[in-house]
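**Student:** Dumping the structure here so I can ask a few things about it.
The values are calculated or read from the model by the stated rules, or taken from the named source; none is laboratory data. The structure displayed is predicted, hence computed values, not measured ones. Only protein heavy atoms, including side chains, enter the accessible area calculation; ligands, DNA and RNA are left aside. Shrake-Rupley method; radii C 1.70, N 1.55, O 1.52, S 1.80 Å.
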Amino acid sequence: ACAGAHLLGVTATPWWQSSRPLDDLFPATVRASNVRDLTAAGHLARVRMFTHPHTLRDLDLRGVATAAGDYAVGAVSGRVDKPALLGDMVEHWRSHARGARTLAFAASVEHSRHIAQRFNAVGIRAEHLDGKTPDAERTAILARLASGETRIVCNYGILGEGFDAPAVGCVILARPTKRV
């Protein structure tokens, strides 16, 4: 429709959910930086990862359905939304995050709610948001996280690509994934 027009695709995410690289979508790509370079330059935080021995021992993902190169939506929720694993999450957060403002990524909406409930039950202010959270409420929840009033925001499928929260010092990946 526009003779001579050029198409420019720009993203901070080099793989889509289908795990297809952008090279499949565009005839030429330019990679300006990678995670190692951005971390060394101070643009990304250095990552330290922890897992609980209980989780490694008791989380069985055999037979979980996959779609587009990752566990199917909702397929892992029943495997991870268990009281023992939620308790381990709280214990681990207390010992490693030391109160840092945190984003928790859950395996389902219900799982996200359960994570928030578990933290609130022990006096750690946590809130849940998902795709049905009204914009004004979402903005208020994230403002409370930024101010420190809320310590943990639990979510399912919302605060991923393109979301920036400089005040956050910890991430709980409570949803198993096969993604890079």
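**Student:** Most fluctuating residue of PRO83, PRO53, PRO27 in a GNM of the chain with Cα springs under 10 Å: which is it?
**Tutor:** PRO27
**Student:** Still on this structure, please answer the following. With n ≥ 4 as the cut-off for DSSP H runs, can you work out [θ] at 222 nm for the chain, using -39500 (n - 2.57) per run divided by the number of residues, rounded to the nearest 500?
**Tutor:** Numbers: 6 runs with 56 residues, N = 180.
Result for the chain: -9000 deg cm²/dmol, rounded to the nearest 500.
**Student:** What is the projected area of the convex hull of the Cα atoms of the chain, averaged over all directions, in nm²?
**Tutor:** On the way: hull surface 53.5 nm².
Value for the chain: 13.4 nm².
**Student:** Further question on the same structure: Could you grab the relative contact order for the stretch 75-180? Cα pairs under 8 Å, six or more apart, rounded to a whole percent.
**Tutor:** Working: 150 pairs, mean separation 40.7, N = 106.
Rounded, it is 38 percent for the stretch 75-180.
**Student:** Quick one: ranking ASP58, ASP135, ASP70 by accessible area, 1.4 Å probe, largest first, what do you get?
**Tutor:** ASP135, ASP58, ASP70
**Student:** Out of the DSSP beta bridges found with both residues in the chain, what percent are antiparallel (nearest 5)? Could the numbers behind the result be given before it?
**Tutor:** Working: 3 of 15 bridges.
Once the DSSP bridges in the chain are tallied, antiparallel ones form about 20 percent.
**Student:** Most mobile of THR150, THR29, THR133 per a Gaussian network model of the chain (Cα springs, under 10 Å)?
**Tutor:** Among THR150, THR29, THR133, the largest mean-square fluctuation in the Gaussian network model of the chain belongs to THR29.
**Student:** Provide the solvent-accessible area of GLU149, counting protein heavy atoms only and rolling a 1.4 Å probe, rounded to the nearest 10 Å².
**Tutor:** Approximately 100 Å² of GLU149 is accessible to the 1.4 Å probe.
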